[in-house]
Amino acid sequence: MNIDRSVGLYKTAQEFMPGGVNSPVRACKSVGFTPLFIDHADGSKIYDENQNEFIDYVCSWGPNILGHANKRVINAVKNACDSGLTFGACHKGEITLARLIKKHYPNMQKLRLVNSGTEGTMSAIRAARGYTNRDMIVKFEGCYHGHSDGLLVSAGSGLLTNSIPSSGGVPKGATENTLLAKYNDEQSVEDIFKKYGEQIACVIVEPCAANMGVVPPKNGFLKFLRDITLKYDSVLIFDEVITGFRLSIGGAADYYGITPDMTVLGKIVGGGMPLAVYGGLEEIMNCVAPLGSVYQAGTLSGNPIAVAAGIEIINILEGNENIYNELEQKSKKIETAFVNKGLNVNRQGSLMTVFFNEKTVENYNDAQQCDTQKYAKYYDYMLNNGIYIAPSQFEAMFVSYAHSNEDIEKTCETIEKL
Ligand SMILES: *Cc1c(COP(=O)(O)O)cnc(C)c1O
């Protein structure tokens, strides 16, 4: 495979951006590969600067559930552009999108449109703290909720102590109210609540974890979180930035039948444009300015172009009941190909990860045991066979509605020859 154009561009990019990238995983460091520079993408395919063609299972890390460059979404964006790129003022589209979201996420009685998942989770936590008048939050090891200071934590000397920053540039004070629990481990949550229960503003969780590779919740785990947060009057926040409109049109809440107090959406909800949403029960959201004291704002919030893309993608998802069935069938075929090779795969709907680990992965600790060298080899093999997957063991493989039966067959055959 000739990638000389990407090699050249990557060299130049490093003169301008740290590591040559605008988001670290793109540097492909953990697989030791040169990042491909993308020229264009269409449907299930992505093309680099050398015009190498790949079947894409990264799908922009989730947003492209309909594949790349969906005609209807693009037309909606083009039409919106003609009326102006940003107003910084109210417009009808905001109401249309909010109504569509609330229809599928009824716990989001009120919501705010923001620009990124990071902003959404950060703002949801602030609202939960303002509502409860409490400072502490609980998050889970291996769950990712964007890069705001208080969420970049790793465990301190013990799980029941306050966490320490996992990133440079984050002051100790910023993480001292973040408590870390173990995913799928009810006892770890119980222990934290026993000690700090009355001080915990919220529990934030990926209802199906997808940022340590895909790790579905064990039976009863989400129900347990629902019950314990109710018991202690803490707010339960589902970070559905990946799972929203992915596991089903109503996201993980609908898929697992558990209703949180607050929900954060991102990725798919913007149809490929920078858009995210946080919202929840009215009494919580009424704490947000200008009604309440919790400040949150945004020059480009509710941007008309992003809103137009969001409305259109939800309309398409609503208009075709078969999408989620088809995604399930196609994803299952790929899963089966991995299983037939004796590989360890976690899947939930159209999200899956093959783990180079003998043991079933149920939490962050298990994920950390994976052989990332083997993953790097697998990545290299897939890429050289025209299949574009995440350059890291700890990411999901995203199947889209644009993946044809032929794409799936080719993918399965490639896996068979692994
Ligand atoms: C991607 C992601 C985020 C962060 O969203 P950005 O738009 O990248 O800021 C937050 N939570 C989860 C679960 C995500 O997958």
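The values are calculated or read from the model by the stated rules, or taken from the named source; none is laboratory data. Quantities reported herein were computed from a predicted structural model and do not represent experimental measurements. Cβ placement follows ideal geometry from the backbone for every residue including glycine, while neighbour counts extend to all protein chains displayed. Note: accessible area is taken over every heavy atom of the protein model, side chains too, but ligands, DNA and RNA are not part of it. Shrake-Rupley method; radii C 1.70, N 1.55, O 1.52, S 1.80 Å.
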*If we keep just the residues of segment 109-154 that are open to solvent by less than 30 Å² (accessible area, probe 1.4 Å) and assigned to a strand (DSSP E or B), which is farthest from the ligand (Cβ to nearest atom)?*
Met136
*Are any residues in segment 306-348 assigned to a helix (DSSP H, G or I), over 23 Å from Arg72 (Cβ atoms) and of a type in the set (Val, Ile, Thr), and if so, which ones?*
Ile334, Thr336, Val339
*Looking at segment 213-257, which of the residues that are touching a residue at least 40 places away in the same chain (Cβ under 8 Å), out of contact with any strand residue (DSSP E or B) (no Cβ under 6 Å at 6 or more places or on another chain) and open to solvent by 30 Å² or more (accessible area, probe 1.4 Å) is farthest from the ligand (Cβ to nearest atom)?*
Asp233
*asked:* Can you say whether Ile192 is surrounded by fewer than 20 Cβ atoms within 10 Å (Cβ to Cβ) and over 21 Å from Leu281 (Cα atoms), as far as the supplied structure shows?
replied: no
_Just to be sure before I move on: is His91 closer than 20 Å to Leu281 by Cβ, in contact (Cβ under 8 Å) with a residue 40 or more places away in the chain and away from the ligand (no atom under 16 Å from the Cβ) in the structure I sent?_
no
*Do the conditions hold for Ala390, that is, is it under 27 Å from Val205 (Cβ atoms), surrounded by fewer than 23 Cβ atoms within 10 Å (Cβ to Cβ) and not aromatic (Phe, Trp, Tyr)?*
yes
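Please state which one of Gly310, Gly302, Gly319, Gly349 is closer than 22 Å to Leu265 by Cα, in contact (Cβ under 8 Å) with a residue 60 or more places away in the chain and surrounded by fewer than 21 Cβ atoms within 10 Å (Cβ to Cβ).
None of the others qualify; the one that does is Gly349.
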